[in-house]
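Bear in mind that the values in this text are calculations on the coordinates, not laboratory data. Since the model is a prediction, treat every value here as computed from it, not as a measurement. When we count neighbours, we look across all protein chains shown, and the Cβ atoms used for this are built from the backbone with ideal geometry, even at glycine.
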């Protein structure tokens, strides 16, 4: 963790270039916690971009969590998913200070997220606040699961997860694949029920967290996004995630 008075903070960037200010407000309990957290998270994830300040902020947020109430921890984790997921599109170079800071913060947030999932009180909180529950599930995916999967879903949230993107290596692509209509080119997978504890199968626990929040927006398309695409032109079969990642890289 890099001290906030270190010179590096003068060279770090965020959307408003003041992430250090909002982080300091949080650490010093200066002002409303949720308001400060929302501003900081937006500063680090504006337009789903990655900002250099993110790596240096994460360890401080992880260290802050033990001082927070269960509700505040849940809110913090829910807010930070997009900033964490964005690193998958602008990956940090290994053996750099920024990379080490990002991993330190991510590991701390992983511990806190796992602890929240294991806490029986979390389920009640998610059920009482469905929007927060959906945000928490997406953030958990970014923190505990595949960051590229999370980033793709954050992108598709602009379409309320009703439409997706797809591209095959043969050149076929579809910018607005109608996910809610279950197109013929997507073969859904079967996602088993979650036991509420295991984090081994991403689709299972992710769907389980969304179920706790009584989500009705993202849940219906999960069998498709975790399913298989069959190209309508060349017939090649690939995971939908591969189609989505290729589209984001090429179009």
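Observations on the structure shown:
- By the helix-only formula, in which each DSSP H run with n ≥ 4 contributes -39500 (n - 2.57) and the sum is divided by residues, the chain has a 222 nm mean residue ellipticity of -16500 deg cm²/dmol.
- Comparing 46, 149, 60 in a Gaussian network model of the chain, where Cα atoms under 10 Å apart are tied by springs, the biggest mean-square fluctuation is seen for 46.
- Net length available on complete extension from residue 38 to residue 159 is 41.3 nm, with 0.36 nm assigned per residue and the Cα-Cα distance removed.
- Springs join every pair of Cα atoms under 10 Å in this Gaussian network model of the chain, and among 110, 67, 24 the largest mean-square fluctuation is at 67.
- Between the beta carbons of residue 233 and residue 200, assuming R0 = 30 Å, the FRET efficiency works out to 0.25 to the nearest 0.05.
- Folded to 0 to 90 degrees: helix 33-45 orientation relative to the chain principal axis, Cα: 60 degrees
- Among 103, 48, 58, residue whose mean-square fluctuation peaks in a GNM of the chain (springs only between Cα atoms under 10 Å): 103
- Whether the range 98-174 is rounded, prolate or oblate, judged on the alpha carbon gyration tensor where a/c under 1.5 counts as rounded: oblate
- Percent RCO, i.e. relative contact order, over the chain, from Cα pairs under 8 Å lying at least 6 residues apart: 16 percent
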